[in-house]
1. For the pair GLU17 and THR78, what calculated FRET efficiency results from E = 1/(1 + (r/R0)^6), where r is the Cβ-Cβ distance and R0 = 45 Å, to the nearest 0.05?
2. Can you tell me the Rg and Dmax of region 2-139, counting just the alpha carbons, in angstroms?
3. What would the Debye equation give as log₁₀ I(q)/I(0) for region 291-361 at q = 0.19, 0.20 Å⁻¹, counting only Cα atoms as equal point scatterers?
4. Per residue Cα convex hull volume for region 19-80, in cubic angstrom?
5. Send over the Kirkwood Rh of region 204-259, from the inverse of the averaged 1/r over different Cα pairs, rounded to one decimal Å.
6. What ranking do 257-263, 289-295 get when scored by the average of other Cβ atoms within 10 Å per residue, highest first?
7. Restricting to DSSP H runs of at least four residues, report the calculated mean residue ellipticity at 222 nm for the chain, -39500 (n - 2.57) per run over all residues, nearest 500 deg cm²/dmol.
8. Hey, fewest Cβ within 10 Å first, where do HIS71, HIS174, HIS152 land in order?
Amino acid sequence: MKIVADTHIPFLKGVFEPFADVVYLSGNEIGKRDVKDADALIVRTRTKCNDELLFGTKVKLIASATIGYDHIDIDYCTANGISWATAPGCNAAAVQQWVGAAIVKWIKSRERNPETLTLGVVGVGNVGQKVVELGRAFGMKVICCDPPRDEHENLPDFLSLEELLGIADIITFHVPLTKSGKYPTYHMLNETSLQLCKPNALFVNSSRGGVIDEGALLTFLRENPKADAAIDVWENEPNLLVELAKRAIVATPHIAGYSLEGKVMATKMAVEAVSRFFKLGLVDWWPNPNPLNEKFTIKGNIGLFDLIQKTYNIDADDIRSNSQLFEEFRNTYKYRRDFSAYIVSSCNVNNAILKRIGFQVL
Ligand SMILES: NC(=O)c1ccc[n+]([C@@H]2O[C@H](COP(=O)([O-])OP(=O)(O)OC[C@H]3O[C@@H](n4cnc5c(N)ncnc54)[C@H](O)[C@@H]3O)[C@@H](O)[C@H]2O)c1
Ligand SMILES: O=C(O)[C@H](O)[C@H](O)COP(=O)(O)O
């Protein structure tokens, strides 16, 4: 058996060597010659799994250690009998932390009162639901838009995108990137839909670059000096729209999901998917030693904003001054710990609220 794996998936090396020949390559370097005789691929967002890569190979399974899967051509895989697996929810808490840190930075710099603000969450899946809890913890009014869920679950409080854009002070996107189907998300924030938005809104994108028309957003920001943007994902990664990055209040290189918890869970889910498929017996696998066993204590008289900033200094991930290092920054990232790694005591926030957004409470 042969497995080709992305060398930047942490904790993977050594796991499958007892069962297979394992070749590690940079995700964007994995090519047809490497995968021709491979049975399985273990990838991240950097490997485009399409006919160009897969045609004529013997690949039977693609396991992606990521939530998003717009890098996998699902139709091609289905038509050609290639199974695929992702890691749903693996780094949702990390994205929640990134969104929290971005919003706190904006509120402090624009001197806004959270209790007067409405948070609009577009896409209410694993990440969106955590962001809803965050908004409530901040004391904001939270409104939601998720037509696919609404259609199946009949959620009377959910709004259309147009309604949400007209009301929200903060608009945050947590949708997959889709170009077809009933509810495509490609450029869902565009020149037309931006006209519905408040001139002092904050636009937050940690989903996928193509969800927002970057040029249209830049024009809106130029025309509305009180509007802001916090952007982690870019349409042409690793290149970013430099003018948009410079105008944004937060510009990071697609690291919103990069917590140690998120990475361990992503690898765990990929390992178990490969093991299930090839019946290798790696059930409830964890890295050994498990780095998540280390926890941290935060004690003292601080409020929620300072608490979030203590767990994550989002300015340290700013890529504006050296955007050419986008991919290197990601590949050498020191994974941060998300809220679940922190045991909080005696701080000025209600324990139930802290628990709801993932902190441990003493
Ligand atoms: N920046 C990062 O590091 C990072 C990390 C994790 C995930 N992501 C991105 O975030 C996306 C969301 O992650 P998730 O775990 O919440 O996924 P999810 O599948 O759990 O939830 C996505 C939600 O979006 C909804 N949706 C689909 N089309 C929609 C539309 N047109 N309008 C409104 N809602 C729509 C779905 O119904 C679903 O509820 C992923 O697909 C991935 O692209 C980015
Ligand atoms: O979809 C996801 O899970 C995220 O976008 C993820 O954080 C991307 O990570 P990478 O492909 O760099 O591992």
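1. The value I calculate is 0.90.
2. Expressed in Å, the Cα Rg and Dmax of region 2-139 come to 19.6, 59.
3. With one equal scatterer per Cα and no solvent, log10 I(q)/I(0) is -0.80, -0.84.
4. Hull volume over Cα atoms, normalised by residue count, gives 85 Å³.
5. 11.2
6. 257-263, 289-295
7. Estimated from H runs of four or more residues: -9000 deg cm²/dmol.
8. HIS152, HIS71, HIS174
No lab work stands behind these numbers, since they all come straight from the coordinates. In this text the structure is predicted, and so the values were computed from the model without any measurement. No Cβ is skipped: glycine too gets one built from the backbone with ideal geometry, and neighbour counts run over all protein chains shown.
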